[in-house]
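The structure appears right after this line, and notes come after that.
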Ligand code: GLA
């Protein structure tokens, strides 16, 4: 890892383990150009790549036609309304109402370590394991400075970027759009991979041609969303796990975003990612700064698998802070699918008693314990225990659960307010709304205007009181609707465009307070399933509920898309009852367990009511969790087959870092008549180590398993799973 600046040629070079990222400054004019990103370059000087001469459109000897040059130059951070007509990195309106902006090099700074981003989640590093380059660009006419920041980490092929803007003029400037990163590239021949979805079917892979113009994804829903994950990758060889170039960009942010690729008239590409411009307008007074969130960029010269493992390692070592990230999480049982709103302490204690007998370690009480919440029509905001349900109060229940020998966790949805609630009766103005308009309800609820300090403080005090009232060791922080009717009584009329981002900053502030005040709390984020499963939230919680769809077969697809970019240790995954509540499918209990093992593992069913045979199988499944969780949590992940793509079977593997142990999960989704055995290529093992396949006498070299594959015999019936444990001899 190294970052250098060649004084003579004015070239910056950022080297990670296997990649280089190069930028150069145009002499005289100070334009900062992107020169290269890809496999590591041995040359320190790549200044010859800097584009300085461009022919103009009409025949001429003038090799520096201004607009022709600006419209082709690969700007590292491109400007607006000055001759580059492509999508810009930033758009502003200055005090005169003008939008022209051209940012040029002013100074730079290279140092060991990495700065925190104020108020925002971000990767972190020490002076020993990380390095940062900051380049300051400026536009003297508009009075704007932009500090572009690039950090790298020892042993990781990732570069994290962010931008901080400063208004150095004497007047107010409006930021109309701020991308956190744009990257100009000459290469073509890529497809764009993104993850789309909906409620109960999050993170499905989509590969698209990149056409001329804009190919993009976005969320303007106030959260990263079910619909699009703030991630994209330019891939050369489709879904190949080990060949072809792959460039990925991910957002460490949980709110509105836009990301995409623009293909110019010349076929060159400009990739971009940042806070979405729609409904965004930030008033930046003289002397103020605006910190844009961070993006993570990776380059792999050998397919998607390398990208996945880089992101997993980066998030595990430089993003997730919780002490639980490296620990086995308690096997929990959550009562949502068991009881929905229809429960009381007796029912919960009965579940806890039975769960304890099965080896389960924590009971999580989900939605419905507060106010008069007997359905989803009321009480959000009234965070007071419903003593009709929890007789004798919360502490009595928690003590009872603890006495049984289980830990206790609780569900909350702090960001919301039900119009039918005491809180709304007292503070109708606390909901996000536009004066004079009836705000759109979703799941019968409105969103609290957390941009207002008094609202934040009130909600935080309620959370704190609840957590201090009993021995609560886990919180599931839910968020069950997306934002609309953006209007805040706490913001002046010129600042209404700040609401969505300020809302996210407020959520981050609340979660920061929570993890600071309760350092031993295990926090799991959630949003109507997995609508806020993003790198931003991982800064606060080591795990996130993956999806409300708990069907093992649907989960194969959802967990495949999720694990493409997020470590398995972060994926909330539970075994639920059948027929599955979302899709009505019936799958073997064993398969449900094997699939949930790929995540945090737990149960989401009424253990007092499930079939006896299933209940008896729980201790075996819990045993497997304890046996394999160190691999799932800390191992390297290899996708062997994709059910999202082949619609027939799924296979993936985790290998310990020392390659002494591996676990392959295979699921035959549909049985075929007259089937043949499958030979699945197993990458990622140590070629020279002989592995024993547990439960058999077979011993085979890692290299053989990679070349010849492992034998998977056809199984009778649909939805059959198999775990294969490889142990180094
Ligand atoms: C969301 C969550 C579920 C459950 C319900 C409760 O949908 O994803 O797991 O907590 O809310 O209302």
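The values are calculated or read from the model by the stated rules, or taken from the named source; none is laboratory data. All values reported here derive from a predicted model rather than from experimental measurement. Please note: Cβ atoms are built from the backbone with ideal geometry, for glycine as well, and neighbour counts cover all protein chains shown.
Can you work out which of the residues in the stretch 551-562 that are without any contact (Cβ under 8 Å) to a residue 60 or more places away in the chain and in a helix (DSSP H, G or I) is farthest from residue 305 (Cα to Cα)?
Initially, the stretch 551-562 is screened for residues without any contact (Cβ under 8 Å) to a residue 60 or more places away in the chain, giving 551, 555, 559.
Checking the rest, the ones that are also in a helix (DSSP H, G or I) come to 555, 559.
On the way: 555: 20, 559: 15 Å.
Across the stretch 551-562, the extreme among qualifying residues is 555.
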Between residues in the stretch 331-349 that are farther than 22 Å from residue 579 by Cβ and more than 16 Å from the ligand (Cβ to nearest atom) and residues that are assigned to a helix (DSSP H, G or I) and at pLDDT below 95, which pairs lie under 9 Å by C-beta distance while being six or more apart or on different chains? none
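Go through the stretch 499-529 and give me each residue that's in a strand (DSSP E or B) and either in contact with a helix residue (DSSP H, G or I) (Cβ under 7 Å, 6 or more places away or on another chain) or more than 16 Å from the ligand (Cβ to nearest atom) (or both).
The answer is 522, 523, 525.
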A careful count of residues in the stretch 301-321 that are under 16 Å from residue 536 (Cβ atoms) and outside any helix (DSSP H, G or I) gives 3
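Given the residues 149, 95, 68, 107, which is the only one that is in contact with a strand residue (DSSP E or B) (Cβ under 8 Å, 6 or more places away or on another chain), at pLDDT below 95 and not in a loop (DSSP other than H, G, I, E, B)? So that I can check it myself, show each step before the final result.
On the way: 149 fails: at pLDDT below 95; 95 fails: not in a loop (DSSP other than H, G, I, E, B); 107 fails: at pLDDT below 95.
When all the criteria are applied, what remains is 68.
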Before we move on, is residue 238 over 13 Å from the mean Cα position of the chain (by Cα) and on the phi > 0 side of the Ramachandran plot? yes
Condition first: within 16 Å of the ligand (Cβ to nearest atom) and either assigned to a loop (DSSP other than H, G, I, E, B) or surrounded by fewer than 17 Cβ atoms within 10 Å (Cβ to Cβ) (or both). Now tell me which residues in the stretch 530-539 satisfy that. 531, 532, 533, 534
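With respect to residue 588, determine if the residue is surrounded by fewer than 21 Cβ atoms within 10 Å (Cβ to Cβ) and closer than 24 Å to residue 366 by Cα.
For residue 588, the condition - surrounded by fewer than 21 Cβ atoms within 10 Å (Cβ to Cβ) and closer than 24 Å to residue 366 by Cα - is not met.
Among residues belonging to the stretch 563-574 that are without any contact (Cβ under 8 Å) to a residue 60 or more places away in the chain and outside any loop (DSSP other than H, G, I, E, B), point out the one that is farthest from the ligand (Cβ to nearest atom). Walk me through it before giving the result.
Narrowing the stretch 563-574 to residues without any contact (Cβ under 8 Å) to a residue 60 or more places away in the chain: 571-573.
Next cut, outside any loop (DSSP other than H, G, I, E, B) only: 571-572.
Details: 571: 14, 572: 9 Å.
Among those residues, the one meeting the criterion is 571.
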When you scan the stretch 353-368, how many residues do you find that are touching a strand residue (DSSP E or B) at 6+ places or on another chain (Cβ under 9 Å) and either in a loop (DSSP other than H, G, I, E, B) or within 16 Å of the ligand (Cβ to nearest atom) (or both)? 9
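So how many residues does the stretch 540-550 have that are closer than 23 Å to residue 649 by Cβ and either in a strand (DSSP E or B) or more than 14 Å from the ligand (Cβ to nearest atom) (or both)? So that I can check it myself, show each step before the final result.
Filtering the stretch 540-550 down to residues closer than 23 Å to residue 649 by Cβ leaves 546-547, 549-550.
Checking the rest, the ones that are also either in a strand (DSSP E or B) or more than 14 Å from the ligand (Cβ to nearest atom) (or both) come to none.
Of the residues in the stretch 540-550, 0 are closer than 23 Å to residue 649 by Cβ and either in a strand (DSSP E or B) or more than 14 Å from the ligand (Cβ to nearest atom) (or both).
Each row is one residue, and each column tells you yes or no for (1) closer than 25 Å to residue 482 by Cα; (2) in a loop (DSSP other than H, G, I, E, B).
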{"position": "187", "(1), (2)": "no, yes"}
{"position": "203", "(1), (2)": "yes, no"}
{"position": "214", "(1), (2)": "no, no"}
{"position": "217", "(1), (2)": "yes, no"}
{"position": "226", "(1), (2)": "yes, yes"}
{"position": "229", "(1), (2)": "yes, no"}
{"position": "237", "(1), (2)": "no, yes"}
{"position": "249", "(1), (2)": "yes, no"}
It is to be established whether one or more residues within the stretch 421-444 are within 16 Å of the ligand (Cβ to nearest atom), crowded, with 18+ Cβ neighbours inside 10 Å and under 19 Å from residue 370 (Cβ atoms). yes
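Surrounded by fewer than 18 Cβ atoms within 10 Å (Cβ to Cβ), modelled with pLDDT of 95 or more, away from the ligand (no atom under 16 Å from the Cβ) and in a helix (DSSP H, G or I), is that true of residue 328? Write out each step before concluding.
Details: surrounded by fewer than 18 Cβ atoms within 10 Å (Cβ to Cβ): yes; modelled with pLDDT of 95 or more: yes; away from the ligand (no atom under 16 Å from the Cβ): yes; in a helix (DSSP H, G or I): no.
The answer is no for residue 328.
Return a yes/no flag: does the stretch 383-403 have any residue that is within 16 Å of the ligand (Cβ to nearest atom), under 30 Å from the mean Cα position of the chain (by Cα) and either surrounded by 18 or more Cβ atoms within 10 Å (Cβ to Cβ) or not in a strand (DSSP E or B) (or both). Let's see the steps before the verdict.
Restricting attention to the stretch 383-403, the residues satisfying the condition of being within 16 Å of the ligand (Cβ to nearest atom) are 383, 386, 389.
Filter once more, so that each one left must be under 30 Å from the mean Cα position of the chain (by Cα): 383.
Going one step further and asking which of them are either surrounded by 18 or more Cβ atoms within 10 Å (Cβ to Cβ) or not in a strand (DSSP E or B) (or both), we end up with 383.
Yes: one or more hits.
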Say whether the condition of being crowded, with 19+ Cβ neighbours inside 10 Å and touching a helix residue (DSSP H, G or I) at 6+ places or on another chain (Cβ under 7 Å) is met by at least one residue in the stretch 227-234. yes
Name the single residue that is farthest from the ligand (Cβ to nearest atom) among those in the stretch 466-488 being part of a helix (DSSP H, G or I) and in contact (Cβ under 8 Å) with a residue 12 or more places away in the chain. 467
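Could we say that residue 485 is more than 18 Å from the chain's Cα centre (by Cα) and within 24 Å of residue 197 (Cα to Cα) here?
Numbers: more than 18 Å from the chain's Cα centre (by Cα): yes; within 24 Å of residue 197 (Cα to Cα): yes.
Criteria met by residue 485.
Only residues that are farther than 19 Å from residue 497 by Cα and in contact with a strand residue (DSSP E or B) (Cβ under 6 Å, 6 or more places away or on another chain): list them for the stretch 420-445, please.
423, 424, 445
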